[in-house]
Structure formats: structure tokens, C-alpha cells
């Protein structure tokens, strides 16, 4: 692989990570800062990283840096994570859709906060970022069957919390 191909692949990985961070609640500036720091760490440690695990290494570093950033900010002020689902839910902007969007964002945010953080991460990776199960397994260094089990449990807990939230608990 030549330098140009490697650079393009790295750029694509980092773009995926940036989108994922924004889906986790990072604003664009924070996501760009985390991605820039992740790229710097990657280039600084390139000799010690196995080529097969580059994407998972980048993912873990970016997520951990984002968590560190959130902890630093929460020490200074009490912050809440905002999930930005606007691009996912409607094609054109109308006031009616904007109101529905805000309500949906609030509901999804509340529901994702009420389930286990790992479950929320897996659901975001699968449904917002669009990663396949095998890609999630690679990112976490797990077997695909383990990811399927976690996804099943995450969906089950999300549905349970949704029913409770809607007052339909059985």
C-alpha cells in the first residue's frame, strides 16, 4: 500500500470516527479536536500498532479521548450530551418536522441514557453509524456472536425502557 492509499484509508477511518462522536453527543468542534488528537497519537505510535487493528485502535482512542473531554468539561460545568439525529430523520426542513424532530431527539436521548452505556454505544454504532455486526466486533475485539448477544440484549432493554417511558409497561 502506498502513502496515498494509506492516507485516504486513514482519512476515511477518521471521518467515520468523527461522525460516531457527533452521534454520541459531541459538537463538531469537540469531535474535530478529538479526531485531530487521535490522528496525532496514531502517527506518533504508528510503529507499535498492528496494521490489522488500525481501525479498532483509532476507535478506542477516539472514544476514550471523548470520554476524557466530557469528564474535563463536567468538572467545570454540568453538561448534558446532545444527540444530533437531524440528518437521519427528515429530508427537507419544515416547522412541523422540526417540532417532531425535537421531541424524538429528547425521547431517544432519555431512552439511551436509561440503558447501560455499552448497550447505548452498540445501538448507536449499529443504527446511527450503520456499522455491520462484524465491524462492531472488530472495533471491540469481540466475536460476532458476542456482539449479536449484546445487540439482542440492548434492543430488548431499549424496548423495555421505551414501553416504560410511554406508560405501557407490562
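For a quick check: sort 99, 34, 19 by the number of other beta carbons within 10 angstrom, fewest at the front.
Lowest to highest Cβ neighbour count: 99, 19, 34.
Hey, what did the chain get for relative contact order, percent, Cα under 8 Å, at least 6 apart?
Answer for the chain is 24 percent.
How do 72, 97 rank when sorted from fewest to most other Cβ atoms within 10 Å of their own Cβ?
Listed from fewest to most nearby Cβ atoms, that is 72, 97.
Hey, in the GNM for the chain with a 10 angstrom Cα cutoff, which one of 50, 109, 152 fluctuates hardest?
Residue with maximal mean-square fluctuation among 50, 109, 152: 50.
Roughly how tilted is helix 144-165, in degrees to the nearest 10 and between 0 and 90, from the longest Cα axis of the chain?
With rounding to tens, the tilt is 30 degrees.
Based solely on its DSSP helices, what 222 nm [θ] is calculated for the chain when runs of n ≥ 4 H residues each add -39,500 (n - 2.57) and the sum is averaged over all residues, nearest 500 deg cm²/dmol?
Result for the chain, helices only: -24000 deg cm²/dmol.
Let me know the volume per residue of the alpha-carbon convex hull for the chain, in Å³.
Convex hull of Cα atoms, per residue: 148 Å³.
Measure nothing fancy, just the Cα-based angle from helix 28-44's long axis to the longest principal axis of the chain, in degrees from 0 to 90, nearest 10.
Between helix and principal axis, roughly 30 degrees.
Against the longest principal axis of the chain, how steep is helix 3-24, in degrees 0 to 90 to the nearest 10, with axes from Cα atoms?
20
Rule-based calculations on the coordinates, nothing more; no lab input. Remember, it's a predicted structure, so these values are computed and weren't measured experimentally. No Cβ is skipped: glycine too gets one built from the backbone with ideal geometry, and neighbour counts run over all protein chains shown.
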